[in-house]
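A.B. asks: Before we start, here is the structure in question, set down as structure tokens.
None of the figures in this text is laboratory data; all of them are computed from the coordinates on show. Here the structure is a predicted model, which is why all the values come from computation and not from measurement. Note: ideal-geometry Cβ built from the backbone for every residue, glycine included; neighbour counts use all protein chains shown.
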Ligand code: CP
Ligand code: NVA
């Protein structure tokens, strides 16, 4: 059986994605009832982090520990990857010793190369182009608060970044319509590449994008690796802040999401993060449950 990787949301079918989300809620309910099934007994996850992380690292390590396995944190700073050992060689070696490998890095191509040379599933823990793990948690959160997202309207406001690209994939896989509002010149790259089959609207007008939306999502204006553009981006993105005033244009039952970390007063107003329409803390918690369910599907059920 060939190895299943999770590099973008398109690597799983819509049915598989929905199964992961259902299982995530099931594992969450079990945990809330005091049960932590040992689904990863003696399994090892290697985690390669070339960028900072709080949620992704914490959720994966916790998932593996609670499931009876272990996770190993590897940084290019103190592995041979940082001294020029090729990605292909690193993938070959790591994958002979562990059951799955999570990679967070800059170029998406690096993760693809890792996967090409790995004997075990490779999971994209965020690249410059995509952040599919966050979408699993976001979809679980939407389902838990409002039910099925199919047929709903989602608005993305801000930078057409890695999260936005993954929302474009999600629109296709989960069957919602997506309105993307970015400043001119900051459109998502995956639309240029075709964007899939979903219903996606692109504009430069946040008010138009959020009109009637069931879910409004934003993210930082300068992602990791773009720190030097931060000042210029703050000028350009000023009109794209998501706040309660903007949310009033959305559906009365709208939810607000942000993958975090958030910059209060920049892409999101301070008051909105803690507003009842905001589900950002549930989103963050669901990283744990969604990634347990994903690992279980990739590592424990497919013969990998
Ligand atoms: N949302 C997210 O991926 O957070 P971290 O960068 O803290 O992992
Ligand atoms: N777009 C952000 C997401 C962080 C989780 C970044 O890439 O820095």
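A.B. asks: Of 164, 98, how do they rank once you tally other Cβ atoms within 10 Å and put the fewest first? All intermediate terms of the calculation are to be shown ahead of the outcome.
C.D. replies: Values: 164 26, 98 20.
The most exposed by this proxy come first: 98, 164.
A.B. asks: Relative to the longest principal Cα axis of the chain, at what angle does helix 55-66 sit, 0 to 90 degrees, rounded to 10?
C.D. replies: Rounded to the nearest ten degrees, it is 40.
A.B. asks: I'd like the orientation of helix 162-174 relative to the chain: the angle between its Cα long axis and the longest Cα principal axis, in ° from 0 to 90, rounded to 10.
C.D. replies: Approximately 90 degrees, to the nearest 10.
A.B. asks: Could you tell me the relative contact order of the stretch 29-180? Use alpha-carbon pairs under 8 Å, at least six residues apart, and round to a whole percent.
C.D. replies: On the way: 239 pairs, mean separation 26.8, N = 152.
Computed value for the stretch 29-180: 18 percent relative contact order.
A.B. asks: What relative contact order, as a whole-number percentage, does the stretch 170-304 give when Cα pairs under 8 Å and 6 or more residues apart are counted? If you can, show how the numbers build up before the last one.
C.D. replies: Details: 156 pairs, mean separation 28.2, N = 135.
Over the stretch 170-304, the number comes to 21 percent.
A.B. asks: Let me ask something additional. What list do you get for 72, 101 if you sort them by fewest beta carbons within 10 Å? Write down the numbers at each step before the final one.
C.D. replies: Values: 72 15, 101 28.
Result, fewest neighbours first: 72, 101.
A.B. asks: May I ask you to order 257-266, 169-178, 143-152 by the average number of other C-beta atoms within 10 Å around their residues, highest value first? Walk me through the intermediate numbers first.
C.D. replies: Details: 257-266: 18.1, 169-178: 21.9, 143-152: 14.4.
Per-residue Cβ counts within 10 Å, averaged per peptide and sorted highest first, yield 169-178, 257-266, 143-152.
A.B. asks: In nm, to one decimal, how far is the residue 96 label point from the residue 38 one, both placed 7 Å along Cα→Cβ?
C.D. replies: In this crude spin-label approximation the distance works out to 2.9 nm.
A.B. asks: Highest mean first, how do 284-293, 235-244, 42-51 rank when packing is the count of other Cβ atoms within 10 Å averaged over residues? Before the final figure, lay out each step's value.
C.D. replies: On the way: 284-293: 24.7, 235-244: 16.5, 42-51: 20.2.
Ranking, from highest mean packing down: 284-293, 42-51, 235-244.
A.B. asks: Fewest Cβ neighbours within 10 Å first, please rank 58, 224, 139 accordingly. Intermediate values should be presented prior to the final figure.
C.D. replies: Values: 58 13, 224 16, 139 26.
In increasing order of surrounding Cβ atoms, one gets 58, 224, 139.
A.B. asks: Between the stretch 124-178 and the stretch 1-53, what is the separation of their alpha carbon centroids in Å?
C.D. replies: Taking the Cα centre of the stretch 1-53 as reference, the centre of the stretch 124-178 is 17 Å away.
A.B. asks: Once you order the gyration tensor axes a ≥ b ≥ c over the Cα atoms, which shape class does the chain get: rounded for a/c under 1.5, otherwise prolate or oblate by comparing a/b with b/c? Walk me through the numbers before you get to the answer.
C.D. replies: On the way: a/c = 1.79, a/b = 1.39, b/c = 1.29.
Prolate is the answer for the chain, as a/c is 1.5 or above and a/b outweighs b/c.
A.B. asks: Rounding to the nearest 10 and keeping the result within 0 to 90°, find how far the Cα-based axis of helix 280-295 lies from the longest principal axis of the chain.
C.D. replies: 30
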